[in-house]
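Notes follow once the structure below has been shown.
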Amino acid sequence: QVQLVESGGGLVQAGGSLRLSCAASGSIFSINRMGWYRQAPEKQRVLVATITGFGITNYVDSVKGRFTISRDNAKNTVYLQMNSLKPEDTAVYYCNAPGPLHDYWGKGTLVTVSS
C-alpha cells in the first residue's frame with residue numbers, strides 16, 4: 001500500500017502563488033510516475049501535471065507556463081509550484097500515483113483563488 005498526503009493549499013488572490021506538496025509513504029518502490037489532479041465544484045476530476053521517476057514532466061495546456069511539477073526522490077515528495085493563479089484554478093487538488101493494481105490517491109487539498 002502507498003499513502004499520499006497533500007499539503008499547501010489555501011486562499012490566495014489572483015496573480016498569487018502557492019506550492020503544494022505530496023508526501024508518499026509505504027510501498028513506494030512500486031511508484032514511478034506521480035501526478036496532480038484537480039476537481040472544481042460540480043466538475044469532474046482532471047489531470048493537471050505528471051512527472052516520471054526520471055523527471056519527465058507533462059502539463060495540461062491551461063497551466064503550462066504557470067505551474068511546475070517537481071519531485072524530491074530522497075524525501076519521497078512531489079511538489080506543484082503554482083504561479084499567476086487565476087480564479088478558475090480554484091479546486092481541490094489531489095496527488096496521484098499509479099500502482100501495479102490500482103491508482104493511489106491522497107485526500108486532497110483545497111486551493112481557492114479570489115478575484
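Descriptive notes on the structure:
- Taken over the range 45-99, the criterion of being within 23 Å of Ile28 (Cβ to Cβ) and of a type in the set (Gly, Ala, Ser) is satisfied by Ala49, Gly53, Gly55, Ser70, Ala74, Ala97, Gly99.
- Complete set of residues in the range 72-115 that are aliphatic (A, V, I, L, M) and part of a loop (DSSP other than H, G, I, E, B): Ala74, Leu85, Leu101
- Taking the range 80-115 as the range and being at pLDDT 95 or above, more than 16 Å from Ala40 (Cα to Cα) and more than 14 Å from the chain's Cα centre (by Cα) as the test, only Ser84 passes.
- Selection status of Tyr104, among the aromatic types (Phe, Trp, Tyr) and open to solvent by 30 Å² or more (accessible area, probe 1.4 Å): no
- Check on Ala74, aliphatic (A, V, I, L, M), open to solvent by less than 60 Å² (accessible area, probe 1.4 Å) and more than 18 Å from Ala14 (Cα to Cα): no
- Qualifying residue in the range 40-54 (condition: open to solvent by 30 Å² or more (accessible area, probe 1.4 Å) and part of a helix (DSSP H, G or I)): no
- For beta carbons closer than 8 Å, sequence separation of 6+ or different chains, a first residue in the range 18-42 that is more than 12 Å from Thr77 (Cα to Cα) and among the small types (Gly, Ala, Ser) and a second that is modelled with pLDDT of 90 or more and open to solvent by 50 Å² or more (accessible area, probe 1.4 Å), the qualifying pairs are Gly26/Gln3; Ala40/Glu88.
- Looking only at residues of the range 77-101 that are farther than 21 Å from Ser17 by Cβ and of a type in the set (Gly, Ala, Ser), we find that the one that is surrounded by the most Cβ atoms within 10 Å (Cβ to Cβ) is Ala97.
- Scanning the range 29-39 for residues that are open to solvent by 50 Å² or more (accessible area, probe 1.4 Å) and over 20 Å from Lys86 (Cβ atoms) yields Phe29, Asn32, Arg33.
- Selection of the range 77-111 for residues being among the aromatic types (Phe, Trp, Tyr), in contact with a Leu (Cβ under 8 Å, 6 or more places away or on another chain) and under 19 Å from Gly9 (Cα atoms) yields Tyr79, Tyr93, Trp105.
- Some residue of the range 8-18 being surrounded by 13 or more Cβ atoms within 10 Å (Cβ to Cβ) and either within 12 Å of Asp103 (Cα to Cα) or touching a Cys at 6+ places or on another chain (Cβ under 7 Å) (or both): no
The values are calculated or read from the model by the stated rules, or taken from the named source; none is laboratory data. This is a predicted model, so every value here is computed, not measured. All Cβ positions, glycine included, derive from the backbone under ideal geometry; neighbour counts span all protein chains shown. In case anyone asks, the SASA skips ligands and DNA or RNA and just uses the protein heavy atoms, side chains included. Shrake-Rupley method; radii C 1.70, N 1.55, O 1.52, S 1.80 Å.
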